[in-house]
Amino acid sequence: MHAEMVLILLATLVVAQIVLVQWKQRHCRSYNLVTLLQMWVVPLYFTVKLYWWRFLSTWGMFSVITSYIIFRATRKPLSGRTPRLVYKWFLLIYKLSYAVGIVGYLAIMCTLFGFNLFFKVKTEDSMDFGVILLFYGLYYGVMGRDFAEICSDYMASTIGFYRVGGMPTRALAEDLCAVCGQKIFVDVNEEGIIENTYQLSCGHIFHEFCIRGWCIVGKKQTCPYCNEKVDLKRMLHNPWERTHVLYGQLLDWLRYLVAWQPVIIGVVQGINYSLGLE
């Protein structure tokens, strides 16, 4: 009986992986939207069921603020301040989730090596603390990147300097940022007070917050104006900053685990129940 249940699990995982890969390749937009919806709803279900009020409070605050940001990003005509507000918010979420995830990972590793005993902290409490922080960081990192991608597409198309698979409807001036459409006052070789100006290999220049939000958080790997491939290694001079790219790849993998794994496990349980296997 147990062998049959294992075979059902393996077969379901293989079939589900094939279906999801084909869905993503053929209808990427619908796949991303459904995945994002599940990422938003599935943890909420377990939170209410298991009375995790701490997570529910952070989820509520994130949802309210992000909903307002999305509302601002989808208005027509688009306010000149909205793109920078959107990218600053999601860049903040990305950095906070990165920091929280790192702290959680370090707490777990310190617990495994017994360092928590030096501070007279119980192993269970230390491990729970690390796991919770790691989950918070990864979860909100995934959610922030997915919502940022949606806002990026909508705002860039509204401004007119960017079209998915097409030509821009507006010509880009030399002193304008194609991401937010606002004027650039800091020269490329000049050190800015608040932010610097970045120039891509194609020659187009952008505000620092805008291009970081576009490439790292919004998952766009092309120039917002000419669609030329972006060399992230050239844009990220600091070796520590390059870890954000690896972190982003980890978040993309985690999306599958959180959004689709509960569904797959539910299908497996349904098959076992229908066949009388327990």
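The values are calculated or read from the model by the stated rules, or taken from the named source; none is laboratory data. Remember, predicted model here, so these are calculated numbers, not experimental data. FYI the Cβ positions are ideal-geometry reconstructions off the backbone, even for glycines, and counts take in every protein chain you see. Keep in mind that these areas ignore ligands, DNA and RNA; they rest on the heavy atoms of the full protein, side chains included. Shrake-Rupley method; radii C 1.70, N 1.55, O 1.52, S 1.80 Å.
Just a few scattered comments:
- Beyond 23 Å in Cα-Cα separation lie the following of the pairs LYS88/LYS220; LYS49/LYS120; LYS24/LYS220; LYS49/LYS95: LYS49/LYS120; LYS49/LYS95.
- Shape summary: region 1-143 maps onto an equivalent ellipsoid whose semi-axes, from the alpha-carbon gyration tensor, are 32, 28, 14 Å in decreasing order.
- Protection-proxy order for peptides 125-137, 262-274, each taking the mean of Cβ atoms within 10 Å per residue, highest first: 125-137, 262-274
- Whole-percent carbon and sulfur share, accessible surface of region 38-85, 1.4 Å: 72
- Calculated FRET efficiency, VAL131 to CYS28, Cβ-Cβ distance, R0 = 30 Å: about 0.40 to the nearest 0.05.
- Sites LYS229 and PHE71, calculated FRET efficiency, Cβ-Cβ separation with R0 30 Å, nearest 0.05: 0.40
- Normalising by residue count, region 40-83 has a Cα convex hull of 63 Å³ per residue.
- Here, P(r) means the percent of Cα pairs in each 10 Å bin from 0 to the largest distance; for region 73-154 it is 19, 34, 21, 15, 9, 2.
- Candidate residues TRP214, TRP40, TRP260: accessible-area rank, largest first, probe 1.4 Å: TRP40, TRP260, TRP214
- Added length on full extension, which subtracts the Cα-Cα distance from 0.36 nm per residue, SER157 to ALA171: 3.7 nm
- Once both labels are positioned 7 Å from their Cα atoms along Cα-to-Cβ, the gap between LEU37 and PHE185 label points is 4.4 nm.
- Stretch gain in nm, segment LEU85-TYR51, where the contour uses 0.36 nm per residue and the Cα spacing is subtracted: 8.9 nm
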